[in-house]
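The structure under discussion appears below in the form of structure tokens.
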Amino acid sequence: MWRGLVLGLVAAVALSAGCGSDDPEVASTSSTTDAPTTTASTTTLAPTSTTAVEPVGDVLPDGTHFGYLTELNINDTTATGLFDLAQLFTGDDAVAAAAEDGVELDTDYYIRNVNPKLRAIEVDPRAEVSDIDYDACCEPQSTNIADFAAGLEPPTPVKLTVEDGIVTVVEELYFP
């Protein structure tokens, strides 16, 4: 009897810790707001998953993160915004992640975005920025943060690089 009770308790804790949690410290997936879980392909990423170190609280740790820019504001000396953390899987990782979520995959990538939390970010005004030139068949082009912010159409899929808590690289990604 005790054994069954303990096993049931362990199973319940395991399920609550990993399935559908909105807490990024508990869940194995990351955040989103209005951006749907989608499937798409990209010409800018190698066929690997972009599962980075999970953030603790509202802060993105140093490293590279995939997600959606939902807001970007430029002031005299600062650039701040809101970032919706997600997970991008490609290749075999995409197939496995889609299968875990019960989604039939018809592309070579999969985006998992299950947490509605938006994270405040600070962007270095001298950040390396590339956006997609839709007039040149979707090739990335170098730009500056002010011009990028002026043309931002949220939610915009991006890859951010964070160093010492500040975004130093913003790369817009293209999904046909």
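The values are calculated or read from the model by the stated rules, or taken from the named source; none is laboratory data. Bear in mind the structure is a predicted one, so any value in this text is a computation, not a measurement. Cβ atoms come from the backbone with ideal geometry, glycine included; neighbour counts cover every protein chain shown.
The residues on offer are A94, A120, A150, A127, and the sole one that is small (G, A, S) and farther than 18 Å from G67 by Cβ is A150. For D164, indicate whether it is surrounded by fewer than 16 Cβ atoms within 10 Å (Cβ to Cβ) and not aliphatic (A, V, I, L, M). Taking the combined requirement at face value, the residue satisfies it. Taking the conditions exactly as written (of a type in the set (S, T, N, Q), at pLDDT 95 or above and closer than 16 Å to E171 by Cβ), does T80 satisfy them or not? In short, no. For the structure I just gave you, tell me whether A79 is among the aliphatic types (A, V, I, L, M) and without any contact (Cβ under 8 Å) to a residue 60 or more places away in the chain. Taking the combined requirement at face value, the residue does not satisfy it. For the range 26-37, check the following and say yes or no: at least one residue is modelled with pLDDT of 95 or more and assigned to a loop (DSSP other than H, G, I, E, B). Looking through the range 26-37, none of the residues is modelled with pLDDT of 95 or more and assigned to a loop (DSSP other than H, G, I, E, B). Tallying residues that are in a loop (DSSP other than H, G, I, E, B) and within 15 Å of T78 (Cα to Cα) within the range 159-176 yields 1.
Within the range 116-158, track down each residue that is assigned to a helix (DSSP H, G or I) and under 20 Å from L85 (Cα atoms).
Within the range 116-158, I145, F148, A149 qualify.
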